[in-house]
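Following: one structure in structure tokens, then a few remarks.
The values are calculated or read from the model by the stated rules, or taken from the named source; none is laboratory data. All values reported here derive from a predicted model rather than from experimental measurement. With ideal geometry, Cβ positions are generated from the backbone for all residues, glycine too; neighbour counts draw on all protein chains shown.
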């Protein structure tokens with residue numbers, strides 16, 4: 001007879017865990033495992049990484065989930081390995097080979113030209129093997145059924161792109177790309193292969209930065225599992241780490257309470273779309289706001305219990 005499963009007692013947990021997502025695990029599975037390890041009540045991630053991708057995956061807990069959209073919008077930096085001469089159904093090593101072509105000699109000058117060609121604003125057609133939906137159905141569901149549907153090209157920006165030949169090979173490129181939200185690195189790799197006249201697919205993909213977070217700040221799942229609960233919670237970054245570019249405004253106790261109730265405050269503030277609001281005594285994040293005409297207008301607010309829980313966890 002199987003032993004009864006131990007029920008995990010959930011608790012309020014607030015903050016951001018920077019996970020170095022391992023190979024082969026979906027973003028949601030990684031989130032659920034970390035949520036279980038922290039015994040957290042509420043959690044969400046800030047944009048998925050494919051199971052075959054590794055690297056920076058910010059996980060938001062509790063009050064941090066209210067500001068996770070900011071990381072969804074943030075620029076991302078990736079390192080990828082691109083195999084030239086071979087196209088696959090998925091654009092990566094997981095798919096079936098659908099075409100093979102001879103790889104021409106690739107010079108450093110040629111790579112520099114191609115990198116310039118794919119730097120800046122681009123129109124990119126999302127791959128069929130993606131989670132984007134058409135008529136309520138994910139594109140990868142159509143692809144798995146052998147169907148190809150029309151997809152609208154989207155505007156993306158490749159801010160920086162570096163291409164180099166892997167040492168000792170003529171059919172493998174190393175690619176580093178800093179890109180805007182919504183850019184598919186698989187598609188970028190395929191398009192670069194076409195520009196070189198031979199096609200390509202990704203054999204590895206690692207996200208090394210998202211917004212101001214980078215992989216040097218991350219912890220692995222294996223390391224997290226060996227820690228005590230107290231050590232795991234010590235790895236959480238504060239909720240306001242999601243707001244690094246917001247102008248900080250501090251309110252006294254009376255105005256802080258009114259602001260938390262959703263009331264506008266008036267002061268000598270300049271117009272600003274991005275404001276992080278803190279209470280003065282004790283020092284605590286209250287939420288976001290924008291300023292217009294000297295008025296501090298509430299945006300996403302923490303609840304009074306959330307503010308109190310964060311304060312208690314910092315004692």
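Data overview
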{"quantity": "Residue within region 300-309 that is buried (at least 16 other Cβ atoms within 10 Å of the Cβ), in a helix (DSSP H, G or I), without any contact (Cβ under 8 Å) to a residue 12 or more places away in the chain and not assigned by TED's automatic domain parsing to the domain that holds residue 183 present", "calculated": "no"}
{"quantity": "Unmet criterion (only one of (1) under 24 Å from residue 132 (Cα atoms); (2) in contact with a strand residue (DSSP E or B) (Cβ under 7 Å, 6 or more places away or on another chain); (3) at pLDDT 95 or above) for residue 194", "calculated": "(2)"}
{"quantity": "Total residues in region 257-305, condition more than 31 Å from the chain's Cα centre (by Cα) and within 21 Å of residue 15 (Cβ to Cβ)", "calculated": "1"}
{"quantity": "Every residue from region 27-64 that is part of a helix (DSSP H, G or I) and either under 13 Å from the mean Cα position of the chain (by Cα) or surrounded by 18 or more Cβ atoms within 10 Å (Cβ to Cβ) (or both)", "calculated": "27, 28, 30, 31, 34, 35, 38, 62, 63, 64"}
{"quantity": "Any hit, region 170-184, residues being farther than 25 Å from residue 23 by Cα and under 20 Å from the mean Cα position of the chain (by Cα)", "calculated": "no"}
{"quantity": "Test result for residue 258, outside any loop (DSSP other than H, G, I, E, B), touching a residue at least 24 places away in the same chain (Cβ under 8 Å) and surrounded by 13 or more Cβ atoms within 10 Å (Cβ to Cβ)", "calculated": "no"}
{"quantity": "Where residue 170 falls short, out of the listed (1) at pLDDT below 95; (2) more than 14 Å from residue 201 (Cα to Cα); (3) in contact with a helix residue (DSSP H, G or I) (Cβ under 8 Å, 6 or more places away or on another chain); (4) surrounded by 11 or more Cβ atoms within 10 Å (Cβ to Cβ)", "calculated": "(3)"}
{"quantity": "Conditions (1) assigned to a helix (DSSP H, G or I); (2) at pLDDT below 95; (3) buried (at least 22 other Cβ atoms within 10 Å of the Cβ): number failed by residue 70", "calculated": "(3)"}
{"quantity": "Residue satisfying all of: in region 214-231; touching a helix residue (DSSP H, G or I) at 6+ places or on another chain (Cβ under 8 Å) and modelled with pLDDT of 95 or more; surrounded by the fewest Cβ atoms within 10 Å (Cβ to Cβ) among these", "calculated": "225"}
{"quantity": "Residue list for region 6-26, filter: touching a helix residue (DSSP H, G or I) at 6+ places or on another chain (Cβ under 6 Å), part of a loop (DSSP other than H, G, I, E, B) and under 22 Å from residue 303 (Cα atoms)", "calculated": "12, 13, 14"}
{"quantity": "Residue within region 153-163 that is exposed (fewer than 13 other Cβ atoms within 10 Å of the Cβ), farther than 27 Å from residue 104 by Cα and modelled with pLDDT under 90 present", "calculated": "yes"}
